[in-house]
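**Student:** Let me begin by handing over the structure; questions about it come next.
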């Protein structure tokens, strides 16, 4: 015999079962402090058929009260708009679809809401005037329990990490830290602002600052007579220059050097070698005037930077300044491939060029060193080679390395004025030796539109014109670009071919191919070929004819002739969207052919101006003037044909 149960009884039994399987989840919060008033709690999901959770909150150790319910069974809850200074605890209770509830969970750990940043007072530095090798002490007062640090990199180049300020054991809320300013600190003299940052347990931060003056004694200036001849030579600036010919002047960048040597009056260009990037070989940057200031060519001069310089006139100058490096130590950085370097200090180990091969970083790494000697480039691979000359300062050397290396140089400042033996003058490469070659060739050009304006103004911001210059005779290819962000004006570009091994960057008769990849298929630039001439080799410089960018239409059209009516001549413009063989045929009103003009192959472009449009002189195919009347002209471009009417009126 079976007992029948009512639906109400069955639901009650099922709800009782659900009640017993609901779990009591523990509640957690990520931290013990909060600084934004938004508390994110999580807990493990209940193991039963949970419908939602009841949220119970205790504030400042008070009793737990029902505060809210979750919208669903998601085991997370954000308590918004918590009160600053409040201490919050939370419990949750699982609820099933029938209203059955589990026991409340255990309380979460207390969370203190602190949205008030600490206040820093009495920030002091002692001493307020300091030198390298002395100890600086910083002190600040605030509330206890903070994490406090100071940015001391502004006063010590060897201390990039913040200096911790530790809480005092005897005076709560007082924080103290000390740093010994390094002996080889390179920060320049002057007032420095040291920023102190404090963070409380909730993550609130505050800052204050202290002023300290770095006042290292100045060393006696060194003197160096630098003579740069007319022509192309390799040079190095051997001092941290503070004056030239007793005129205060710093040389910090290549642009500074260009101006110091007299600018465009005396200097054609200055080149430097940039390290390889993203697998590309090292590149040559060319600064050719103040137009290049701020460009990639206007590089900051490093201790070991060698330069190639083309002078219109010789310049002699006495440099005054300090030794390169720090406390008698500097370095040369070598990159795989070609390098152009100078020797930063007068290192007693280095008497001749071949001595460089004995240095760690050069040894078993550098394959050759190129020098200027007697006006010629010479390659040194071992002691006794023809170019194994004395090292005397102010010289630059071409170095071919297999691997990257940092080479330490130890010594004193270069000084060829105070010493008993003066350095020999730098000799320029003689481009007039009769072989028609040059070790360096700077190529300049412009990309403009058909109206002679800067083509970049017609392109979208960030769009680039990519220029490729190929020396078809040597096989070397150089690339550069023009864009709205390029600092050069008026669409000018330049590239520089350099060969410090064979002195054969270019030669009379070399063929240069110049092509331009445009940012839009509706813009083209006519390719250019240029044959290198003798005067260009002698100048180590080429100024190309302007590269003209022109519009490429989206459709082919025959346009209206002008003038119309005409007597006896007119121009017939057209546009073609694809490279085409173009023919114009003229018919009289009877349909009889009067004349055919074979225009030939033409690239896609707009042929509207008189220089580009088809010219009709009013003559037939026999050279006779045609009579007044109505005529038809028909253009054929590949498969395209279109006809228009014109009138000769005499």
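**Student:** Among DSSP beta bridges whose residues both lie in the stretch 121-214, state the antiparallel percentage, nearest 5.
**Tutor:** Numbers: 30 of 32 bridges.
Taking every DSSP beta bridge with both residues in the stretch 121-214, the antiparallel ones total about 95 percent.
**Student:** Right, next: Roughly what percent of Cα-Cα pairs across the chain reach past 37 Å?
**Tutor:** On the way: 135145 of 210925 pairs.
Summing the P(r) of the chain above 37 Å gives 64 percent of all pairs.
**Student:** Under 1.5 on a/c is rounded, so check that first for the stretch 121-214, then, if it is not, pick prolate when a/b is larger than b/c and oblate when it is not; a ≥ b ≥ c are the square roots of the alpha carbon gyration tensor eigenvalues. Provide the component values of the computation, followed by the final result.
**Tutor:** Values: a/c = 2.14, a/b = 1.88, b/c = 1.14.
Verdict is prolate for the stretch 121-214.
**Student:** To make sure I understand, if each residue's beta carbon is the centre and we count other beta carbons within 10 Å, what order do 454, 122 fall in, fewest to most? Spell out each step's value before the answer.
**Tutor:** Working: 454 17, 122 10.
Ascending Cβ contact count within 10 Å gives the list 122, 454.
**Student:** Also: Could you tell me the calculated FRET efficiency between residue 451 and residue 534, based on Cβ-Cβ distance and R0 = 30 angstrom, to the nearest 0.05? Present the calculation step by step, with values, prior to reporting the outcome.
**Tutor:** On the way: r = 34 Å, r/R0 = 1.14.
Efficiency, rounded to the nearest 0.05: 0.30.
**Student:** Here's a follow-up. 7 Å from Cα along Cα→Cβ at both residue 71 and residue 318: what's the point-to-point distance in nm?
**Tutor:** The two pseudo-label positions are separated by 8.3 nm.
**Student:** Assuming 0.36 nm per residue, please report the length gained on full extension of the stretch residue 225 to residue 80 beyond their Cα-Cα distance.
**Tutor:** Details: separation 145, 0.36 × 145 = 52.20 nm, distance 7.34 nm.
Extra length available between residue 225 and residue 80 comes to 44.9 nm.
**Student:** Also, I was wondering about something else. Between residue 188 and residue 386, 0.36 nm times their residue separation minus their Cα-Cα distance comes to what?
**Tutor:** On the way: separation 198, 0.36 × 198 = 71.28 nm, distance 4.30 nm.
Value of the extension gain: 67.0 nm.
**Student:** Of all beta bridges DSSP finds with both residues in the stretch 437-551, what is the antiparallel percent, to the nearest 5? Write down the numbers at each step before the final one.
**Tutor:** Values: 31 of 37 bridges.
Close to 85 percent.
**Student:** Assuming a ≥ b ≥ c are the square roots of the Cα gyration tensor eigenvalues, decide whether the stretch 437-551 counts as rounded (a/c under 1.5), prolate (otherwise, with a/b larger than b/c) or oblate.
**Tutor:** Working: a/c = 2.23, a/b = 2.08, b/c = 1.07.
Here the stretch 437-551 falls in the prolate category.
**Student:** Which ordering of 104, 91 is given by a fewest-first count of other beta-carbon atoms within 10 Å?
**Tutor:** Values: 104 15, 91 24.
Taking fewest neighbouring Cβ atoms as first place, the list is 104, 91.
**Student:** What is the distance in Å between the Cα centroid of the stretch 582-596 and that of the stretch 342-412?
**Tutor:** About 76 Å separates the Cα centre of the stretch 582-596 from the one of the stretch 342-412.
**Student:** At a threshold of 8 angstrom on Cα-Cα distance, excluding pairs fewer than six apart, so keeping six or more, what relative contact order does the chain reach in percent?
**Tutor:** Working: 1617 pairs, mean separation 50.4, N = 650.
That works out to 8 percent.
**Student:** Next question, about the same structure. Going 7 Å from the Cα of residue 520 toward and past its Cβ, which residues in the stretch 542-558 have a backbone nitrogen under 18 Å from where you end up?
**Tutor:** It comes to 548-556, nothing else.
**Student:** So how far apart, in nm, are the two label points at residue 562 and residue 403 if each is 7 Å from Cα heading toward Cβ?
**Tutor:** Between residue 562 and residue 403, the label points sit 6.9 nm apart.
**Student:** Return 593, 139 ranked ascending by Cβ neighbour count within 10 Å, so the fewest neighbours appear first. Intermediate values should be presented prior to the final figure.
**Tutor:** Details: 593 12, 139 19.
Listed from fewest to most nearby Cβ atoms, that is 593, 139.
**Student:** Starting from the Cα of residue 52, step 7 Å toward the Cβ, then list every residue of the stretch 83-118 with an amide N under 20 Å from that point.
**Tutor:** 90-105
**Student:** So if we plug the beta-carbon distance of residue 168 and residue 326 into 1/(1 + (r/R0)^6) with R0 = 41 Å, what FRET efficiency do we get, rounded to 0.05? Provide the component values of the computation, followed by the final result.
**Tutor:** Numbers: r = 36 Å, r/R0 = 0.87.
After rounding, the FRET efficiency stands at 0.70.
**Student:** Measuring from centroid to centroid over Cα atoms, what is the spacing of the stretch 216-271 and the stretch 189-205 in Å?
**Tutor:** 40 Å
**Student:** For a Förster distance of 41 Å, can you work out the FRET efficiency between the beta-carbons of residue 622 and residue 579, rounded to the nearest 0.05? Walk me through the intermediate numbers first.
**Tutor:** Details: r = 32 Å, r/R0 = 0.78.
With a Förster radius of 41 Å, E is 0.80.
**Student:** Extension gain residue 587-residue 611, at 0.36 nm per residue separation less the Cα-Cα distance, in nm? Numbers along the way, then the final one.
**Tutor:** Numbers: separation 24, 0.36 × 24 = 8.64 nm, distance 2.39 nm.
In short, 6.2 nm is gained.
**Student:** Before rounding to the nearest 500, sum -39500 (n - 2.57) across all DSSP H runs of length at least 4 in the chain and divide by the residue total; then give [θ] at 222 nm in deg cm²/dmol.
**Tutor:** Numbers: 3 runs with 28 residues, N = 650.
Estimated from H runs of four or more residues: -1000 deg cm²/dmol.
**Student:** Continuing with the same structure: To the nearest Å, what is the center-to-center distance of the stretch 47-94 and the stretch 491-568, using C-alpha atoms only?
**Tutor:** Going from one Cα centre to the other spans 75 Å.
**Student:** 7 Å from Cα along Cα→Cβ at both residue 199 and residue 98: what's the point-to-point distance in nm?
**Tutor:** A separation of 5.2 nm, rounded to one decimal place.
Each value in this text was obtained by applying a stated rule to the coordinates, not by laboratory testing. Not measured: the values here are computed from a predicted model. Here Cβ is always computed from backbone atoms with ideal geometry, including for glycine, and neighbour counts include all displayed protein chains.
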